[in-house]
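Data first, discussion second: the structure below is written as structure tokens.
The values are calculated or read from the model by the stated rules, or taken from the named source; none is laboratory data. Being a predicted model, the structure only gives us computed values, none of them experimental. Cβ: placed from backbone, ideal geometry, glycine included. Neighbour counts: every protein chain shown. All accessible areas refer to the heavy atoms of the entire protein, side chains included, with ligands and DNA or RNA removed. Shrake-Rupley method; radii C 1.70, N 1.55, O 1.52, S 1.80 Å.
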Amino acid sequence: MEQIVVSLAEKFESGATTPWSLADSDPANRARLRGIVGFELRSTSVQVKLKLNQNHPVANVAGVIAGLRDTGSEEAAAVAALMQKELDKR
């Protein structure tokens, strides 16, 4: 299971300002690996629900938007724009 967590972190944390890695985390995180179970899921359909932190305080959402914009990624900027649009509706 450790290799799966390491691979996922390498893929999804690589663009972060301070990327998380299992090697840099505390020993308690390694102990938590025992509670992770990998599985394969074959779906027959997918239903999507757009959740962009609308249940969080405005300051938290604004912080996430700023962080996404700071990454310089087009994808992150697109998500930030969606979040800003939802925030503006409040």
Per DSSP H run of n ≥ 4, the term is -39500 (n - 2.57); total these for the chain, divide by its residue number, and report the mean residue ellipticity at 222 nm rounded to 500 deg cm²/dmol. -15500 deg cm²/dmol
Which residue, Leu52, Leu41, Leu22, has the most motion in a Gaussian network model of the chain that connects Cα atoms within less than 10 Å? Leu41
Distance (nanometres) between label positions extended 7 Å along Cα→Cβ at Glu86 and His56: 1.0
Kirkwood hydrodynamic radius of segment 48-90, Cα pairs, Å: 10.4
Out of segment 2-90, which chymotrypsin sites (Phe, Trp or Tyr not before Pro) are coil in DSSP terms and have no more than 14 other C-beta atoms within 10 Å? Trp20, Phe39
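So with the 1.4 Å probe, I'd like the accessible area per residue for the chain, rounded to whole Å².
Details: 7400 Å² over 90 residues.
Computed with neighbouring chains in place, this is 82 Å² per residue.
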Lysine pairs within the chain, Cα separation less than 18 Å, 8 or more sequence positions apart or different chains: 4
Gain in span if fully extended, Val48 to Ile4, counting 0.36 nm per residue against the direct Cα distance: 13.3 nm
Normalised per residue, the volume of the convex hull around the Cα set of the chain (Å³): 155
List the trypsin sites (Lys or Arg not before Pro) within segment 1-58 that DSSP assigns to loop and that have no more than 13 neighbouring Cβ atoms inside 10 Å. Arg42, Lys49, Lys51
I need the GluC sites (Glu not before Pro) found in segment 1-81, filtered to DSSP loop residues with at most 16 other beta carbons within 10 Å of theirs. Glu40
